[in-house]
Amino acid sequence: MSDNRPLNRVVSVRGLTRRFGSNTVLNALDLELEPGSFTALLGRSGSGKSTLLRTLAGLDPAPADAEIRVPASVAVAFQEPRLLPWKQVWQNVTIGLPGNGARERAERALAEVGLTRHAEAWPATLSGGEAQRTALARALVREPRLLLLDEPFAALDALTRIRMHALVLDLWRVHTPTTLIVTHDVDEAVLLADRVLVLDAGRIAADIPVEMPRPRSHGDARFVALRHRLLSELGVEAEVIREAA
Amino acid sequence: MSEHALGARGALAPSEPLQARLPRIDLSRYRRFVSPLVLVLLWQAASMAGLIAPRTLAAPSTILASAWELVVSGELPRHLLVSLGRVASGLVVGVTTGAALALVAGLSRLGEEVVDAPMQMLRTLPFLALVPLFILWFGIGETPKIALVALGSAFPVYLTLFAGIRGVDPKLMEAGKVFGLDRRGLVRHVVLPAALPSGLVGLRYALGSAWLSLVIAEQINATSGIGFLINDARDFLRTDVIVVGLLVYALLGLSADALVRAFERRALAWRPSLVKG
């Protein structure tokens, strides 16, 4: 349907199939992302959501029969910060960037994530939240057109996660990258994204817009309703009912 | 030795307040020296009482006096320089070769296939058993001695560095790739720093192996060096000089190890244990 206006899509995937052995992880999947949008990709573990993200990031080879268009500047934040322990925080932020003014750019990015004081710290001395903020600074310093977040807050404690959610939204508003966050946390998806995709059996099983003004509250009736709907899409309700019986 | 003391202190640290901890460390530090000192005193007493004949083992006081004499006469420094020269040249050749081969084998599949199999076969050979062959090949001059040191130090460096390169966390490699590092950048910023800690462990092994090679090499037809000093003293039943030579070997080994550890502290400042310690 959008074939006639591909310019409005930052990311466009058609017919992406990925198999590992006899297991089909992604099955002729189609995906389009609009510029500057914030999309959450939900799915049970093993649903292929990480595989999709890795393909978009260029980490997994794209099959020849699939059509995949992504912008040239893509940045990723992984579940683990993946900082190089032998480089100071600011050097981690500028890794792979050409040298001119790298330090200044790193300092600006670190200031944005509130880590100015830690520019010269070793990663081993950072807390989990600080390390993940460094990873965000490393992604944003590249001014990516596509920002991929692979369950970036799953390993953080609940309080740190709340702060990181606010930080990510702030950064997204300022830099306006097209953002795709992979998560298994329904609340996180509803809290952050304007569109939630549910991945099931290798395809996008549900594509639901989130029409709520930010900041969003867990108590909001629309929030609760959407949460229920997404949980049932993920097949959670049935299991809960069975357990209760 | 002091590492054990440090380890024990580190383990106690979290549960005890600072003030309570400090005096105890001092005490245990002094305690460590008590039993060696008692042993030396017993040895001295036994020598003085005539229980240990000088041709079996000289008294500690005699050894000290001989050491002083050898230093003042310039004999010990001269031999020491020769020995140091042999170890240094052998190490340069051995460590360079070991590191170069490890890079070739570690960074490419083809390199591994070509280099690793022969290296793994050769390393099972006790290299000291090659002495007769080395004498046939290189004669009895400096070359076989340096070659033996080089051979002894190449393998530890090769094995540890190769393992270090292959043990790099693939997740870090992936992150490096995503953030725009090319192959050279990955090697420089990810692979080599990641392999450095195990490479340095290999270097410490290499130093130990180098001294061992030196001891053996200097037993064969040497006309100078600490080994010659020891052999020469044997012919004259000078057990005091022999012990001085052994002490010099021990001190050399210790200082070389301390040197590498000092370098480790600087180069590996990022490691969690060192950062917090």
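The values are calculated or read from the model by the stated rules, or taken from the named source; none is laboratory data. Nothing here was measured: the structure is a model prediction, and the numbers come from that model. Neighbour counts are summed over all protein chains in view; Cβ atoms, including those assigned to glycine, are modelled from backbone coordinates with ideal geometry. Heads up: the accessible areas ignore ligands, DNA and RNA and are worked out on the full protein's heavy atoms, side chains in. Shrake-Rupley method; radii C 1.70, N 1.55, O 1.52, S 1.80 Å.
A few remarks follow.
- Under 5 Å from the amide H of A:D200 lie the amide H atoms of A:A205, each residue being 5 or more positions distant or on a separate chain, with H modelled from the backbone and absent for Pro and chain starts.
- Normalised by residue count, chain B yields a Cα convex hull volume of 179 Å³ per residue.
- Values of log10 I(q)/I(0), in the order q = 0.17, 0.21 Å⁻¹, for the range A:50-147 under a Debye, Cα-only, solvent-free model: -0.75, -1.01
- Expressed as a whole percent, the accessible surface of the range B:113-271 that belongs to carbon and sulfur atoms is 68, based on a 1.4 Å probe.
- Taking the protein heavy atoms of chain A in the context of the full set of protein chains, the accessible area attributed to carbon and sulfur is 51 percent at 1.4 Å.
- Relative to the dominant Cα principal axis of chain A, helix A:221-233 is inclined by about 70°.
- Angle between chain A longest axis and helix A:158-175 axis [Cα atoms, degrees, rounded to 10]: 80
- Max mean-square fluctuation residue, GNM over chain B, Cα-Cα springs under 10 Å, options B:V95, B:V187, B:V149: B:V187
- The aspartates and glutamates within cross-link reach of A:K87, meaning a Cα-to-Cα straight distance under 19 Å and a gap of 8 or more places when in the same chain, are A:E104, A:E107, A:E120, A:E130, B:D169, B:E174, B:D182, B:E264.
- Overall form of the protein assembly as shown per C-alpha gyration tensor (a/c, 1.5; a/b vs b/c): prolate
- The candidates B:Y205, B:Y158, arranged from most to least accessible area with a 1.4 Å probe in the full protein assembly, appear as B:Y205, B:Y158.
- For the range B:55-276: accessible area per residue (Å², 1.4 Å): 51
- Reference-scaled alpha-carbon Rg (2.2 N^0.38 Å with N residues) for the range A:6-244: 1.04
- Mean Kyte hydropathy of 0.5 or more with a Cα span along the axis of at least 20 Å, helices from DSSP in chain B: B:75-107, B:142-166, B:192-217, B:239-267
- log₁₀ of I(q)/I(0) at q = 0.23, 0.31, 0.33 Å⁻¹ - the range B:40-86, Debye sum with one point per alpha carbon: -0.76, -0.99, -1.07
- Amide proton proximity set for A:R18, modelled H, under 5 Å, gap of 5+: A:V25, A:L26, A:N27, A:A28
- Of the trypsin sites (Lys or Arg not before Pro) found in the range B:94-179, none is in coil by DSSP with at most 13 other Cβ atoms within 10 Å of its Cβ.
- Between chain A and chain B, roughly 1800 Å² of accessible surface gets buried, counting both sides and using a 1.4 Å probe.
- Rounded, prolate or oblate (a/c below 1.5 giving rounded, otherwise prolate when a/b exceeds b/c) for the range B:14-169 by Cα gyration tensor: oblate
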